[in-house]
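*Asks:* What follows is a single structure, and I will ask about it in a moment.
The values are calculated or read from the model by the stated rules, or taken from the named source; none is laboratory data. Keep in mind it's a predicted model, so treat the numbers as computed, not measured. Every residue, glycine among them, receives a Cβ derived from its backbone with ideal geometry; neighbour counts consider all protein chains shown. The accessibility values were calculated without ligands, DNA or RNA, using every heavy atom of the protein model including side chains. Shrake-Rupley method; radii C 1.70, N 1.55, O 1.52, S 1.80 Å.
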Amino acid sequence: FKTCPGRVLCKVPCSGEKEVDLAVQSAKAAFKIWSQMSGMERCRVMLEAARIIREQREEIATMETINNGKSIFEARVDIDISWQCLEYYAGLAGSLAGEHIQLPGGSFGYTRREPLGVCVGIGAWNYPFQIACWKSGPALACGNAMVFKPSPFTPISVVRLAEIFTEAGVPKGLFNVVQGGAATGQFLCQHPDVAKISFTGSVPTGMKIMEMAAKGIKPVTLELGGKSPLIIFSDADLENAVKGALMANFLTQGEVCCNGTRVFVERKILDTFTKEVVKRTQKIKIGDPLLEDTRMGALINKPHLNRVQGFIKQAKEQGAQVLCGGDLYVPDDPKLKNGYYMRPCVLGNCKDDMTCVKEEIFGPVMAILPFDTEEEVVERANATKFGLAGGVFTRDIQKAHRVVAALKAGMCFINNYNVSPVELPFGGYKSSGFGRENGRAAIEYYSQLKTVCVEMGDVESVF
């Protein structure tokens, strides 16, 4: 692999209705085998898949960097989280169980946790391989099959995951990949043999998927956008808070749904914090994402780069001040001159009603807003249609817990940000979606309960 900014890597044929049906039918046949295996049998296969990913970490991370444009440093972390996810759900596969309930007269009831069938996963382009593992891990552990559609902007690495599952020993067709855009997604959502849909992406697309799923009464998990608040109190460890703000805004070129892009800073430390954030932001190394010291690679494509630039232009027109960055970046290496690079941007003089504060930019743009009181900042933090994440930096642990309890967000951080252990559920409130990825909670969304009532005496009849 070589970095090829602005050039075609490969051409992938889109899957039409016929190909989608073949994938679903193949998964349906594999489901019959996989669902009848014991949890421990599934566990062993999933552990083998995790082992292969761990063993091929460098190769897959390189593939992901070229697939997406993020730094190799970050891509390695993504791959580590991926194999850890499969290991975690492999461990749960053997422990899935219902419960026994004693009833009067020696009768009893019990519940069975059963798989749904063929599940559809639709991924986003910011974490292609990791999202596929986040969805397939709990799905396969519960005994389901999966047909996965990656974003058309990042079609490559998920195919490698399918190969790895096959090498690990899953039944042929258990994890299938189809390629394409909205039309392919529509064929998947409307297929009568699909039992569940899990989608990661934008709010408008999530709404369309929910509408299509409703016609088939299919359960959905939606992990959508965000415009998350990051609250910095004056008693916070300043160095730690600055690091947190950078982590909350500039990972994967700012293309992260749970980023804390509304940075609320208590007024008494506003100037000190802002000065330090700008200083640190200007030092971020941009360039070839395959180089070890690069910390920010290229944005996903030209239209998205133009969109992010448009938000910055509008922010300036509405009165925001560009404190640093926001302009295009041209690396010294002539091979990278057509890459979609920009300098990470910090905006000051922001107001709550500005577009750059209200709308998800999905790029390396941080908006800093001052606040005076705890009550005020909580109200402002919640004044959004989104509710994916939120963060608080303070040395006062009581205040920290009090504030996160008041935040209307599904994933909250105290004195850190953008940490996503696979053991913890991930998902949002309000327009940021519903359902959960990761943790034991995901098991609930990839299985269904059957209740069995057993009578040990004669039937009591009213007739």
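*Asks:* Starting from the Cα gyration tensor of segment 210-261, take the square roots of the eigenvalues, sort them a ≥ b ≥ c, and report rounded, prolate or oblate (rounded when a/c is under 1.5, otherwise prolate if a/b is larger than b/c, else oblate).
*Replies:* prolate
*Asks:* Additional query: Size of the dipole of segment 229-414 about the Cα centre, Lys and Arg at +1 and Asp and Glu at -1 on the beta carbon, nothing else charged, in debye to 20?
*Replies:* Values: 25 positive and 24 negative charges, 75 e Å.
Using Cβ point charges on Lys, Arg, Asp and Glu, segment 229-414 gives about 360 debye.
*Asks:* If you don't mind, there's one more thing I want to ask. Please give the net charge around R307, taking every other residue with its beta carbon less than 12 angstrom from that of R307, where Lys and Arg add +1 and Asp and Glu add -1.
*Replies:* Numbers: positive: K302, K313; negative: E255, E359, E360.
The answer is -1.
*Asks:* Jot down the per residue volume, in cubic angstrom and as a whole number, of the convex hull over the alpha-carbon atoms of segment 181-298.
*Replies:* Numbers: hull volume 17.3 nm³, N = 118.
Convex hull volume per residue, Cα atoms: 147 Å³.
*Asks:* While we're here: Under the Kirkwood approximation applied to all pairs of distinct alpha-carbon atoms, what is the hydrodynamic radius of segment 329-398 in Å?
*Replies:* Numbers: mean 1/r = 0.0660 Å⁻¹.
Radius from the Kirkwood sum: 15.2 Å.
*Asks:* Something else: To the nearest 20 debye, what is the magnitude of the charge dipole of segment 193-337 about its Cα centre, counting +1 on the Cβ of each Lys and Arg and -1 on the Cβ of each Asp and Glu? Before the final figure, lay out each step's value.
*Replies:* Working: 21 positive and 17 negative charges, 88 e Å.
So the dipole magnitude of segment 193-337 works out to roughly 420 debye.
*Asks:* Specify which residue in the list Q314, I284, S151 is farthest towards the positive end of the charge dipole of the chain, using unit charges on the beta carbon of Lys, Arg (+1) and Asp, Glu (-1), about the Cα centre.
*Replies:* It is Q314.
*Asks:* If you put +1 on each Lys and Arg Cβ and -1 on each Asp and Glu Cβ, how big is the dipole of the chain around its Cα centre, in Debye rounded to 20? The partial results should precede the final answer.
*Replies:* Working: 53 positive and 50 negative charges, 207 e Å.
With Lys and Arg at +1 and Asp and Glu at -1, about 1000 debye.
*Asks:* Given a Förster radius of 22 Å and the C-beta distance between K285 and K313 as r, what FRET efficiency does 1/(1 + (r/R0)^6) yield to the nearest 0.05?
*Replies:* On the way: r = 26 Å, r/R0 = 1.16.
In this case the efficiency is close to 0.30.
*Asks:* Same structure, new question: Under 23 Å Cα to Cα from K149, which lysines show up? Leave out anything in the same chain fewer than 8 places away.
*Replies:* K11, K18, K28, K32, K70, K135, K172, K196, K208, K215, K218, K302
*Asks:* Can you give the percent of C-alpha pairs in segment 307-427 whose distance is more than 20 Å? The partial results should precede the final answer.
*Replies:* On the way: 3959 of 7260 pairs.
Result for the distance tail: 55 percent.
*Asks:* Using the Karplus curve 6.51 cos²θ - 1.76 cosθ + 1.60 with θ = phi - 60°, work out ³J(HN,Hα) for each residue of segment 304-312 in order, rounded to whole Hz, and write x for Gly and Pro.
*Replies:* 5, 4, 4, 5, 4, 4, x, 5, 5
*Asks:* 5 Å is the cut-off here: which amide hydrogens, built 1.01 Å from N in the peptide plane, fall below it relative to L369, excluding neighbours closer than 5 in sequence?
*Replies:* V263, F264, V265
*Asks:* So for the chain, averaging the separation of alpha carbon pairs under 8 Å that are six or more residues apart and normalising by length, what relative contact order in percent results? Let's see the in-between values first.
*Replies:* Details: 1012 pairs, mean separation 89.0, N = 463.
Relative contact order here is 19 percent.
*Asks:* Quick one: Karplus J couplings for segment 354-364, per residue in order, coefficients 6.51, -1.76, 1.60, θ = phi - 60°, nearest Hz, x for Gly and Pro?
*Replies:* Calculated HN-Hα couplings, in order: 6, 4, 5, 9, 8, 9, 6, 8, 6, x, x Hz.
*Asks:* Considering only A409, T373, N259, whose Cα is most displaced toward the positive end of the charge dipole of segment 229-414, charges sitting on Cβ of Lys, Arg (+1) and Asp, Glu (-1)?
*Replies:* N259
*Asks:* How much accessible area per residue does segment 229-414 have, counting only protein heavy atoms and a probe of 1.4 Å, in square angstrom?
*Replies:* Details: 7910 Å² over 186 residues.
Spelled out: the 1.4 Å probe surface of segment 229-414, per residue, equals 43 Å².
*Asks:* Further question: Of the accessible area of the chain, with the probe set at 1.4 angstrom, what percent is carbon plus sulfur? Could you put the intermediate results ahead of the total?
*Replies:* Working: 11000 of 20190 Å².
In the chain, the share of accessible area belonging to carbon and sulfur is 54 percent.
*Asks:* Given G244, I122, F362, which one lies farthest toward the positive end of the charge dipole of the chain, if we put +1 on the Cβ of every Lys and Arg and -1 on the Cβ of every Asp and Glu?
*Replies:* Positive-most Cα among the choices belongs to F362.
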